[in-house]
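Nothing in this text is a laboratory measurement; each read-out follows from the coordinates by a stated rule. Source: prediction; values computed, not measured. Cβ placement follows ideal geometry from the backbone for every residue including glycine, while neighbour counts extend to all protein chains displayed.
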Amino acid sequence: LSVIARTEGMLSLWRGLLPNLAANAPFSAIHYMCYKQVQAVAALHLPSHTATSFVSGAVASIVATLATQPLDVLRTRAMLRLSAPAAGSS
């Protein structure tokens with residue numbers, strides 16, 4: 001950390017903080033909302049609490065990941081200081 005702070009400046013230690021918060025806060029909110037909704041429905045159809053929790057967590061994780069993937073890409077680019085690829089490039 002001291003080498004990074006010395007060579008790139010103290011602010012480099014917080015590079016990507018805002019994009020990170022912008023990606024993780026929506027993920028957590030979507031995950032929690034989906035988990036609770038799926039859990040309520042799954043509890044009516046699954047035999048055990050363990051199965052209900054597992055299914056609810058899996059579905060919530062998939063939905064939250066799909067919804068926030070673009071924010072994750074922006075966060076990674078910001079942390080690595082990459083620019084967006086030019087249109088038509090691979």
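For the range 6-21, does any single residue satisfy the condition of being of a type in the set (Asp, Glu) and in contact with a Phe, Trp or Tyr (Cβ under 9 Å, 6 or more places away or on another chain)? Spell out how you get there, then give the answer.
In the first step, residues of the range 6-21 are kept if they are of a type in the set (Asp, Glu); the result is 8.
From what is left, the residues that are in contact with a Phe, Trp or Tyr (Cβ under 9 Å, 6 or more places away or on another chain) are none.
Within the range 6-21, not a single residue is of a type in the set (Asp, Glu) and in contact with a Phe, Trp or Tyr (Cβ under 9 Å, 6 or more places away or on another chain).
Scanning the range 1-20 for residues that are surrounded by fewer than 12 Cβ atoms within 10 Å (Cβ to Cβ) and either over 24 Å from ARG75 (Cα atoms) or out of contact with any Leu (no Cβ under 9 Å at 6 or more places or on another chain) (or both) yields SER2, VAL3, ARG6, THR7, GLU8, GLY9, MET10, LEU11, TRP14, LEU18.
In summary, THR50 fulfils each of the numbered conditions (1) touching a Leu at 6+ places or on another chain (Cβ under 8 Å); (2) of a type in the set (Val, Ile, Thr); (3) loosely packed, with under 13 Cβ neighbours inside 10 Å with the single exception of condition (1).
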